[in-house]
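Have a look at the structure below before the remarks.
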Amino acid sequence: MSKMIQFFDTTLRDGEQTIGVNFSIEDKIMLAQKIADWGADVIEAGFPVASENDFNAVRRIGQEVTNCNVIGLARCVKKDIDAVIKALTDAPHGQIHVFIATSPIHRESKLHMTQEQVIEKIQACVSYARQHFDHVEFSPEDATRTEWNFLVKAVRTAIAAGAEVINIPDTTGYTNPDEFGALFDYLKKNIPEFDRVTFSVHCHNDLGMATANALESIRHGATRIEGTINGIGERAGNTALEEVAAAMYVRHDFYQAENHVDLKKTYELAKLVSQKAKMPLPHNKPITGTNVFSHESGIHQDGFLKNHATYEILTPQSVGVAHSSIPLGKLSGSHAVAVKLAEIGYQVTKADMK
Ligand code: KIV
Ligand code: ZN
């Protein structure tokens, strides 16, 4: 049976952590509305404790974008949680996302905390957040470099304290699809509450595997995917949500899962985020780059003209691109040249084409 996958968009939080990206509050509200209309189930609107601007953006998005859940980020720190409570107090669908790092390198070098101290913090901050929100998401930051048995302990503590969503972040883009799948199988086997909560993933793209890792997690029990539009985000960025949506559509036979995304709105949304982030879409960006529906070489152009599906696994229209193109280049063949000539009014015979 097909399952429903929630899309959690963090373009306005992790996406804004991209060097050089600064969205104004008005842009954030406009983008949040477009992302909600695209079909995201949850929008992470910001990190309210970080600045007055972030606080105001989360507050206004929580009040004004009402067709989607709006979540605010907090460290496992009381003042962070209080800032989210204050920002989302009037929001009709406000939620909170609390995180603390669990990996040895983060515990020892960043937090200077023992495993026991981290567990105590999780217990205290998740239960405090739960007193104020019906929906609490918890993330053990750097989960994929955490000892697996300690990760189980951290996750079970968060569930017992009231978290209904457990997010497994691949904070440094370190894992790969096989290993991530195995980690999920281990969590499923060792967490008796696994089916009672929603498991989410948040993948970074340091080794170019963020989309692949996110997709693999669907096959191992995750039902929420976190990411950004165009894959923007800290360092090499996050899972590009439009890539996940397109892969789920093209390979529905494989993933057997549904989502609420209106794929036809993808290209317009990608262009808008690119413009507001002042980050041009790379020509070869999967799904939305300008080369994705263009065919340059003679063999490809000939095959495409005979049957578009020879070289296109999804139609441009399905993601909101007007049409494919066959630009004439150094490797173009006579079939494409004849088509171009016909377009401008010349019917050329095969002999003349030679
Ligand atoms: O990459 C990460 O671990 C994060 C957390 C806050 C979920 O962004
Ligand atoms: Zn992140």
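The table for this structure:
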| read-out | value |
| --- | --- |
| Against the rule of thumb 2.2 N^0.38 Å, how large the Cα Rg of segment 20-122 comes out | 1.20 |
| Listed peptides 253-262, 29-38 by packing density, highest first (mean Cβ within 10 Å) | 29-38, 253-262 |
| Unmatched cysteines, the chain - criterion: no other Cβ of a Cys under 4.7 angstrom | CYS68, CYS203 |
| Phi-based couplings in Hz for segment 288-300 (Karplus 6.51, -1.76, 1.60; Gly and Pro marked x) | 10, x, 5, 7, 5, 10, 10, 10, 9, 8, x, 5, 5 |
| For peptides 339-345, 139-145, 279-285, sequence by mean Cβ density within 10 Å, most packed first | 139-145, 279-285, 339-345 |
| Percent antiparallel among DSSP beta bridges (both partners in the chain, rounded to 5) | 5 percent |
| The chain, relative contact order [Cα under 8 Å, separation at least 6], % | 15 percent |
| Tilt relative to the chain, helix 78-88 - C-alpha long axis, 0 to 90 degrees, to 10 | 60 degrees |
| Computed label-point distance, nm, for sites GLU120 and ASP185 using a 7 Å Cα→Cβ extension | 3.8 nm |
| Between 0 and 90°, nearest 10: helix 52-64 axis offset from the chain longest Cα axis | 70 degrees |
| Additional length obtainable on full extension of the chain from HIS323 to PHE254, 0.36 nm per residue less Cα span | 22.2 nm |
| Over the chain: helical MRE at 222 nm, DSSP H runs n ≥ 4 each giving -39500 (n - 2.57), nearest 500 | -12000 deg cm²/dmol |
| Reach of LYS3 by Cα under 22 Å, taken over lysines that are not fewer than 8 positions away in the same chain | LYS188, LYS189, LYS264 |
| Centre separation in Å (Cα based) which lies between segment 185-200 and segment 115-184 | 11 Å |
| Cα-based helix-to-principal-axis angle, 266-277 vs the chain, degrees rounded to 10 | 70 degrees |
| Residue among LEU341, VAL201, ASN176 farthest towards the positive dipole end of the chain, charges placed on Cβ | LEU341 |
| Label-to-label distance, nm, for residues given as GLN131 and VAL339 (7 Å Cα→Cβ offset) | 6.6 nm |
| Whole-Å distance, taken between Cα centres, linking segment 70-95 and segment 17-41 | 18 Å |
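Computed from the coordinates by the stated procedures, all read-outs in this text should not be read as laboratory data. Just so it is clear, the structure is predicted and the values come from calculations on it, not from any experiment. Counting neighbours? That spans all protein chains shown, and the Cβs are built from the backbone with ideal geometry, glycine included.
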